[in-house]
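For reference, the structure discussed in these notes is given below.
The values are calculated or read from the model by the stated rules, or taken from the named source; none is laboratory data. Everything quoted here is computed from the prediction, not taken from an experiment. Cβ coordinates were reconstructed from backbone atoms using ideal geometry, including for glycine residues, and neighbour counts include every protein chain displayed.
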Amino acid sequence: ENVGPQEYMLVKLQLLEAPESVTSRIPELSESIAKGHVFMVAATLRPETMYGQTNCYVLPSGEYGVYEFDVQHTPKSAERTRQVLICAARAARNMSYQDAFVEPGSQGQLKQLGTVSGKELVGVPVKAPKAKYERVYALPLLSISMTKGTGIVTSVPSDSADDYAALRDWKTDEKLRAKHGVTEEMVAPFELVPVINIPGLGDRAAETMVLKLKIKSQHDEKKLKEAKAETYKRGFYEGIMIAGKEDGVEGMKVSEAKDVVKAKMCEDGEAIVYFE
Ligand code: A2H
């Protein structure tokens with residue numbers, strides 16, 4: 001189905017803490033976390049929605065690698081800093097061939113500090129750039145594919161039906177929470193943040209579609225696909241930005257805001273363009 005390389009924006013979700021099981025296995029991680037240099041990276045096609053992040057998602061049964069990269073400060077600068085990025089091994093290999101992640105001349109080289117399971121990442125607090133909330137949590141999303149993007153997904157439940165359905169599962173199902181190590185404090189404080197107005201679908205288009213199609217859970221694959229297609233198309237062509245005043249995109253069409261927000265986040269070191 002893929003005809004050429006797909007461009008994603010990788011949003012850098014800064015780890016604020018890591019579980020003891022991880023830091024005892026990878027001791028150098030603690031210092032890097034204290035310095036703010038450790039990130040889960042999530043691939044997104046919707047940079048303009050980052051104002052609405054309420055959490056991020058990992059696959060509990062997935063395996064993620066912890067890698068050191070010499071990340072370019074901004075798309076234009078020659079400066080780089082050593083950062084620790086957490087993602088699927090496949091994504092790290094791709095990244096190692098891209099100049100934004102490694103010094104030209106070192107392509108294909110990977111420095112791996114260790115591995116971490118998705119299960120261990122559940123409950124990890126992160127700082128998500130542009131989000132209204134200072135601290136959001138990694139939750140399970142059981143439909144994540146480990147062979148697309150980084151295997152980590154940032155969550156914008158106002159505008160993504162997948163994200164909405166899963167967050168609703170975690171908010172409403174106490175048994176499911178207990179089974180996966182999700183606590184109420186990781187979900188209860190996080191309300192939807194209106195980002196885009198779509199005529200006919202409102203300020204929380206994903207919620208509108210999930211309710212309209214009577215989507216039951218994050219496993220309702222067929223209907224979720226339908227909801228995604230509808231909100232994506234209508235959002236892109238008819239959506240108007242409600243959020244993003246600070247970046248000058250409030251009032252803009254989604255189709256125009258997308259590149260503005262992407263460029264700004266990359267310039268500010270909050271995101272990196274990634275191809276696969
Ligand atoms: B999108 P495509 Cl607001 N497994 O970002 C499952 N889903 C993944 C993934 C993976 N390994 N990697 C990325 N994704 C999600 C925002 C968003 C996204 C919104 C609305 C729609 C939407 C916030 N989540 O995607 O198969 C990521 O979620 C609808 C398709 O490459 C990414 O963009 O087209 C999108 O799927 C990439 O999917």
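Results, tabulated for the structure shown:
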quantity	calculated
Counted residues, region 132-142 - those being under 12 Å from S61 (Cβ atoms) and outside any strand (DSSP E or B)	2
Listing of strands (runs of 3 or more DSSP E) fully contained in region 62-131 that carry 3 or more residues being polar (S, T, N, Q)	111-117
Filter result for F39 (within 16 Å of the ligand (Cβ to nearest atom), closer than 25 Å to G105 by Cβ and of a type in the set (A, V, I, L, M, F, W, C))	yes
Flag if E31 is free of Cβ contacts under 8 Å to residues at least 40 places away in the same chain, away from the ligand (no atom under 16 Å from the Cβ) and under 23 Å from R135 (Cβ atoms)	yes
Qualifying position, being closer than 20 Å to E7 by Cβ, surrounded by fewer than 23 Cβ atoms within 10 Å (Cβ to Cβ), of a type outside the set (S, T, Y) and out of contact with any Lys or Arg (no Cβ under 7 Å at 6 or more places or on another chain), among V254, V153, V260	V260
Some residue of region 36-57 being closer than 27 Å to S255 by Cα, assigned to a helix (DSSP H, G or I), of a type outside the set (A, V, I, L, M) and in contact with a helix residue (DSSP H, G or I) (Cβ under 8 Å, 6 or more places away or on another chain)	yes
Selection count where residues are more than 6 Å from the ligand (Cβ to nearest atom) and in contact with a Pro (Cβ under 8 Å, 6 or more places away or on another chain), scope region 154-165	2
Pairs where the first residue, in region 68-92, is aromatic (F, W, Y) and at pLDDT 95 or above and the second is surrounded by 15 or more Cβ atoms within 10 Å (Cβ to Cβ) and not in a loop (DSSP other than H, G, I, E, B), C-beta under 9 Å, 6+ apart	F69/R80; F69/Q83; F69/V84; F69/L85; F69/A92; F69/M95; F69/K111
Conditions (1) within 13 Å of the ligand (Cβ to nearest atom); (2) under 21 Å from the mean Cα position of the chain (by Cα); number of the one not met by T183	(1)
